[in-house]
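Q: Below you'll find the structure I mean.
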Amino acid sequence: MIDFRQPKISDKLWIERCFHASGNQGCENNFATLFLWSGTYRQQVASIGDYVLERMHGARGPGYLFPAGSGPLEPVLTALEADAAERGEPCRFFCVTPEQKEVLEKIRPGEYHLEPDRDGWDYLYHVDRLADLKGKKLHAKRNHINRFLDTCSDWTVEEITVENLEECAKMDLEWNRLYRTENGDAEREAESRINEGRAMRKAFAFYEPMGLFGLLIRMEGRVVAFTMGSLINSETVDIHFEKAYGEIQGAYPLINREFARWIRKNYPEVVWLNREDDMGLEGLRRAKNSYHPDRMVEKYLAVRNLDCGGMI
């Protein structure tokens, strides 16, 4: 059985090296995502050769992230399949991209059943589109920002640092108190808030060691919006969190735009902003689609067939 263990901050360098070698733009191929959400999805890590292995528990049960790294893949797959068998579980791979799907089908032809996981698809936007908001499709976003600018002359934007991090934490607590869902998908949203709260506390506690960066917006000195992200690879930034007071018209699109502009200035090699998945929540899907994504990172669930060693 593979010796999986809890991820630690000290794992950041070698795990990032494996993730970068994979070339994957999915948000799960990011050390910050792994570390932030390990409490929710019970993620554990191990290594074989130049691959990082990740065991986790998703909605469909326990399984593995598709191996990320470089070098011969077949022995790594064999080790994970054996690990699943020893645990008495089917071998499941989560977040399998179309490219990984092709590799898996080539190495294990006909051995895995694959199905799309639409709720887990990531939304990718070109950094210039979110920084400039040009074109008819984003006309409404520009209007909302103009309304904010017309009604509030006393606003500032600044980088998040250890000095102002506590103000963001207080704003996050207030935000959650104000926007508890009382209808619609209330149960799922409540669970999502609990999970996000756990991840946010880690982000505040390990902001610098994780390599996070972010912006906040003040209105009359008060923090009314903030956002945080980190690098997935040299050309892709993962937007982990984005919070704004909903009653302040334009606060959301303004923090979105300002962060895109800040990234373009400070990370000129970045092309894509990954705003992660919508988890199947209707409100999130609507919000992410309102920016008209340039690309989606498609993902599949792969489960090994019973006659190939899979188990019930």
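Q: Once fully extended, how much extra length lies between residue 204 and residue 50, figured as 0.36 nm per residue of separation less the alpha-carbon to alpha-carbon distance?
A: Here the answer is 52.4 nm.
Q: Defining a contact as two alpha carbons under 8 Å apart and six or more residues distant in sequence, what relative contact order in percent does the chain show?
A: 28 percent
Q: Cβ under 10 Å from residue 43's Cβ, residue 43 left aside: what net charge do those residues give with Lys, Arg +1 and Asp, Glu -1?
A: Its environment carries a net charge of 0.
Q: Roughly how many debye, to the nearest 20, is the charge dipole of the chain about its Cα centre, given +1 on each Lys and Arg Cβ, -1 on each Asp and Glu Cβ, and no other charges?
A: Its charge dipole is roughly 620 debye.
Q: On a 29 Å Cα-Cα criterion, which of the cross-link pairs 101/136; 12/106; 12/134; 136/170; 106/137; 137/265 come out too long?
A: 101/136; 12/106; 12/134; 136/170; 106/137
Q: Still on this structure, I have one more. Have a look at 6, 263, 209 and report the one farthest towards the positive end of the charge dipole of the chain, computed about the Cα centre with Cβ charges (Lys/Arg +1, Asp/Glu -1).
A: Of the listed residues, the answer is 263.
Q: Looking at 82, 126, 110, which one has the Cα that reaches farthest to the positive end of the dipole of the range 75-160 (charges on Cβ: Lys, Arg +1; Asp, Glu -1)?
A: Highest projection toward the positive end goes to 126.
Q: Using a Gaussian network model of the chain with C-alpha springs under 10 Å, which one of 254, 165, 149 is most mobile by mean-square fluctuation?
A: The residue with the greatest mean-square fluctuation here is 149.
Q: Oh, and also: Taking the Cα centre of the range 46-139 as origin and charging only Cβ (+1 Lys, Arg; -1 Asp, Glu), how large is the dipole, in debye to the nearest 20?
A: Its charge dipole is roughly 520 debye.
Q: Would you calculate the convex hull of the Cα atoms in the chain and tell me its volume per residue in Å³?
A: It comes to 134 Å³ per residue, whole-number rounded.
Q: Suppose only helical runs count, i.e. DSSP H with n ≥ 4. What mean residue ellipticity at 222 nm does that imply for the chain under -39500 (n - 2.57) per run, divided by all residues and rounded to the nearest 500 deg cm²/dmol?
A: After summing the helix terms and dividing by the residues of the chain, the value is -11500 deg cm²/dmol.
Q: Students often check this: by mean Cβ neighbours within 10 Å, which of 197-208, 238-249, 22-33 ranks highest, and how do the rest follow?
A: Per-residue Cβ counts within 10 Å, averaged per peptide and sorted highest first, yield 22-33, 238-249, 197-208.
Q: Modelling each spin label as a point 7 Å along the Cα-to-Cβ direction, I'd like the residue 166/residue 136 distance in nm, to one decimal.
A: Between residue 166 and residue 136, the label points sit 5.1 nm apart.
Q: Among 29, 272, 61, whose Cα lies farthest out toward the positive end of the dipole of the chain, if unit charges sit on the beta carbon of Lys, Arg (+1) and Asp, Glu (-1)?
A: About the Cα centre, the residue reaching furthest to the positive side is 272.
Q: From zero up to wherever the largest Cα-Cα distance of the range 30-131 sits, split into 10 Å bins and tell me the percent of pairs in each.
A: Computed distribution, short to long bins: 12, 44, 33, 8, 2.
Q: Please report how far the C-alpha centroid of the range 221-287 lies from that of the range 1-71, rounded to the nearest whole angstrom.
A: If we compute the Cα centre of each part, the gap is 23 Å.
Q: Would you work out the Kirkwood radius for the range 194-312? I mean one over the mean of 1/r across all pairs of different Cα atoms, in Å.
A: Mean inverse Cα-Cα distance, inverted, gives 16.5 Å.
Q: Work out how much length residue 118 to residue 290 would gain on full extension: take 0.36 nm times their residue separation and subtract the Cα-Cα distance, in nm to one decimal.
A: 60.2 nm
Q: Hey, could you get me the Stokes-Einstein D for the range 126-171, Kirkwood radius over alpha-carbon pairs, 25 °C and 0.890 mPa s, rounded to whole µm² s⁻¹?
A: My calculation gives 187 µm²/s for D.
Q: From the convex hull of the Cα coordinates of the range 249-312, what is the mean projected area in square nanometres?
A: 7.5 nm²
Bear in mind that the values in this text are calculations on the coordinates, not laboratory data. Only a predicted model underlies this, so the values are computations on that prediction, with no experimental measurement involved. Backbone-built Cβ (ideal geometry, glycine too); neighbour counts: all protein chains shown.
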